[in-house]
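Trainee: Let me begin by handing over the structure; questions about it come next.
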């Protein structure tokens, strides 16, 4: 019997081969050194499509979805399918908002250029789910908080919100380390009500899991900051953060949905860069 990892590899190869058979161009290069399961890929695209709906609602346009967008796609599509439409939309959004829409950032894929969202071996959305994903935009939430809640649930994140006064005293000059889905959602709500704050400029997310990373990236996309996202792994050192331009941390916002050892590591990292408490 094949192991679960072997089955995932077989599933991915069958998916790639089926798309090549159907006429979709697939480039084969070096295999991903950090495998991503088919289930994680599905979760990524579900969240990404919700994020696209959020961007659409915020802009007040119907560029990506709706009757006019459907008509443009029918005129353009030729032999392309619904999953190609999703892939094109997500790739387009990844140019400006890579933290929310580029698998390279969400899954921390190695050895990819900054302008390459996923690499040649990335299989893209599941063909059988593409039409359902496109229809889900019409019935899905259109505001930041509810969409982040659905994204978190889709990734299986058991987020725990911070206390109401956790962000008291945060100013435009305050530099913050974030850890945990609950902390991301709290910060998104706090910064949404404070036009003087800039989430991308003021915060660094410490997260290894792709769900929390994409949650943070979609929040940044909503704010449409021109500054790049700063997302690091738990093993990051103070020197690594300084290399990213983070010389001082004033506060760590860590939610209870992260394990105690992670909370301790993030707190130690924040203290090493000057945070009190």
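The values are calculated or read from the model by the stated rules, or taken from the named source; none is laboratory data. None of these values were measured; they are calculated from a predicted model. Here the Cβ positions follow ideal geometry from the backbone for every residue, glycine too, while neighbour counts run over all protein chains shown.
Trainee: Please indicate, with yes or no, whether at least one residue in segment 196-204 is surrounded by fewer than 24 Cβ atoms within 10 Å (Cβ to Cβ), more than 20 Å from residue 93 (Cα to Cα) and without any contact (Cβ under 8 Å) to a residue 12 or more places away in the chain.
Mentor: No, that holds for no residue.
Trainee: Scan 148, 162, 157 and give me the residue that is within 18 Å of residue 186 (Cα to Cα) and in contact with a strand residue (DSSP E or B) (Cβ under 7 Å, 6 or more places away or on another chain).
Mentor: 162
Trainee: List the number of the failed condition for residue 78; all other conditions in (1) on the phi > 0 side of the Ramachandran plot; (2) in contact (Cβ under 8 Å) with a residue 60 or more places away in the chain hold.
Mentor: Result: residue 78 passes all but (2).
Trainee: Separate question: Here is a list: 269, 241. Which entry is touching a residue at least 40 places away in the same chain (Cβ under 8 Å) and either within 24 Å of residue 157 (Cβ to Cβ) or part of a helix (DSSP H, G or I) (or both)?
Mentor: The unique qualifying residue is 269.
Trainee: Let me ask something additional. Please verify whether segment 53-65 includes one or more residues that are out of contact with any helix residue (DSSP H, G or I) (no Cβ under 8 Å at 6 or more places or on another chain), outside the structural domain of residue 199 (by TED's automatic domain parsing), at pLDDT 90 or above and crowded, with 17+ Cβ neighbours inside 10 Å.
Mentor: no
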